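*Asks:* The structure under discussion is supplied below as structure tokens; questions concerning it will follow.
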Amino acid sequence: MQNSINTHSCCINILIDFCVHLVYTINMKKMLVMGIVFCLLAASVGCKCLAVSTSPTTEPTAEPTLHIPTTPTPSPSPQAVVIMASSSPTSTPISTPQPTPSPEPLLLDGLIIGIDAGHQKHSNSDCEQICPDSPQTKSKVSSGTRGIQTRIYEYEVNLDVALILRDLLEASGAIVVMVRTDNDVNISNQERAQLFNNANVDLAVRLHCNGSDDHSNRGAFMLIPDEAHTDWYNENLEAATCIIGSYCELTGLTMRGASNGITERDDQTGFNWCNRPIVNIEMGHMTNADEDILLTDPDFQQLMARGIYDGIAEYFTKGQK
Ligand SMILES: [Zn+2]
């Protein structure tokens, strides 16, 4: 009985061992098969993934991550991109046109200013009416006074200052009408006035120097037409006030005469034939030795022209003519 039991137990053990071995073998085969299948599947999936990751960028895809790895540096956030774009010196110029600041308008832009450098090299003693409604006549034009010290003629000084004044006015946008730019001309006082009328000047300025038998007389002053011989009395008075004020201030010359250096005249052909605003400055006395030296000095003439220019500019900017 004991042997029978032992034999049976041995057979069972052998069977169990066989089963275990079989199960183990089967499992191993299954695992092997499953492993192979898994590997094939994995390889297939891996190839597909590889194929996707290496596909050309021309293939449309909605995946944004496919574009990012192409940049070697980390991609900045969208906000950082905006900041960099706006602060980068190499950023693309903005195509929107920027409003350009309009240029500052010139002080005397478009104004027509007449300049008459008084007298000329050769006088003309032929006569002309001093006024349209009067038979009274006087010589067409004289050669003026002369420097007692320098012997320089008045007509030369008048033209020197006139040319400087012209340049100043034109630099401020004015249209300048010059009666003459040369000393050797023959233009009567009546013709000079008519030139201003034809040009429809906004203001005419006659440039002169004075002469006196009393050599101690000195200083500058203005002449304007008397009220009966002009339609622009107030304008003339205002312009004369501005000019003589700035002229004497800048040159240091004395303002001569009463009424703030302004004298009214009814006998000036150049005034009486002019139907536009007009003034006359006597820039100093060439019969006074000290002033003669000053009036004929090129540097001082710059001051003289500047003083007249400042007065003209003040007149137009103050009155908004
Ligand atoms: Zn004169």
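Rule-based calculations on the coordinates, nothing more; no lab input. None of the values given here were measured: they were computed from a predicted structure. Ideal geometry is used to build each Cβ from the backbone, glycine not excepted, and the neighbour counts take in all protein chains shown.
*Asks:* To the nearest Å, what is the center-to-center distance of the stretch 245-321 and the stretch 126-164, using C-alpha atoms only?
*Replies:* Here the two parts' Cα centres lie 15 Å apart.
*Asks:* If I model the stretch 100-249 as equal point scatterers sitting on the Cα atoms and use the Debye formula, what is log10 I(q)/I(0) at q = 0.13, 0.19 Å⁻¹?
*Replies:* -0.69, -1.42
*Asks:* Where does the charge balance sit around Asn275 when Lys and Arg score +1, Asp and Glu -1, over other residues with C-beta under 14 Å from its C-beta?
*Replies:* On the way: positive: Arg192, Arg276; negative: Asp133, Asp202, Asp231, Glu235.
Residues near Asn275 contribute -2 overall.
*Asks:* Which stretch or stretches of the stretch 289-310 have amide N atoms under 16 Å from the point lying 7 Å from His215's Cα along the Cα→Cβ direction?
*Replies:* The answer is 289-294, whose backbone nitrogens lie closer than 16 Å to the label point.
*Asks:* Among Asn288, Tyr247, Ser139, whose Cα sits farthest toward the positive end of the charge dipole of the stretch 132-288 (+1 at Cβ of Lys/Arg, -1 at Cβ of Asp/Glu, about the Cα centre)?
*Replies:* Checked the options; the winner is Asn288.
*Asks:* Using alpha carbon coordinates only, what is the Rg to Rh ratio of the stretch 196-296, with Rh defined as the Kirkwood radius? Kindly include the intermediate steps, with their values, before the conclusion.
*Replies:* On the way: Rg = 13.7 Å, Rh = 13.9 Å.
Radius of gyration over Kirkwood radius for the stretch 196-296 works out to 0.99.
*Asks:* Pulled fully out, how much extra length does the chain show between Asp290 and Ala258, if you take 0.36 nm times their separation in residues and subtract their Cα-Cα distance?
*Replies:* Numbers: separation 32, 0.36 × 32 = 11.52 nm, distance 2.24 nm.
Gain in length upon complete extension: 9.3 nm.
*Asks:* I would also like to ask the following. List every residue whose amide H lies under 5 Å from the amide H of Ala204, counting only residues 5 or more places away in sequence or on a different chain, with H placed 1.01 Å from N in the peptide plane.
*Replies:* Correct list: Gly114, Ile278, Val279.
*Asks:* Around Ile152, what is the net charge, scoring Lys/Arg as +1 and Asp/Glu as -1 over all other residues with Cβ under 14 Å from its Cβ?
*Replies:* Here the count lands on -3.
*Asks:* Treat each spin label as a single point 7 Å out from the Cα along the C-beta direction, and report the Asp297 to Asp167 distance in nm.
*Replies:* Computed distance between label sites Asp297 and Asp167 equals 1.9 nm.
*Asks:* Please give the length that would be gained between Asp266 and Asp126 if that part of the chain were fully extended, namely 0.36 nm times their separation in residues minus their C-alpha to C-alpha distance (nm, one decimal). Don't jump to the answer; show the numbers that get you there.
*Replies:* Working: separation 140, 0.36 × 140 = 50.40 nm, distance 2.04 nm.
Length gained, Asp266 through Asp126: 48.4 nm.
*Asks:* Calculate the FRET efficiency for Gln194 and Ser102 from the Cβ-Cβ distance with a Förster distance of 41 Å, rounded to the nearest 0.05. Mind dumping the intermediate values first?
*Replies:* Details: r = 38 Å, r/R0 = 0.94.
It comes to 0.60.
*Asks:* Shape call for the stretch 101-152 from the C-alpha gyration tensor, a ≥ b ≥ c root eigenvalues: rounded (a/c under 1.5), prolate (a/b greater than b/c) or oblate? Can you show the working numbers first?
*Replies:* Working: a/c = 4.80, a/b = 1.63, b/c = 2.94.
Cα axes put the stretch 101-152 in the oblate bin.
*Asks:* With label points built 7 Å along Cα→Cβ from the Cα atoms of Thr181 and Asp109, find their separation and express it in nm.
*Replies:* Distance between the two pseudo-spin positions: 2.5 nm.
*Asks:* Using θ = phi - 60° and the Karplus form 6.51 cos²θ - 1.76 cosθ + 1.60, what ³J(HN,Hα) does each residue of the stretch 246-262 get, whole Hz, x for Gly and Pro?
*Replies:* 6, 5, 5, 5, 7, 8, x, 6, 6, 7, 9, x, 7, 6, 6, x, 10
*Asks:* Once you charge only the Cβ atoms, +1 for Lys and Arg and -1 for Asp and Glu, what is the size of the charge dipole of the stretch 243-309 about its Cα centre, to the nearest 20 debye? Show your work: numbers first, answer last.
*Replies:* On the way: 4 positive and 10 negative charges, 61 e Å.
That gives a dipole near 300 debye.
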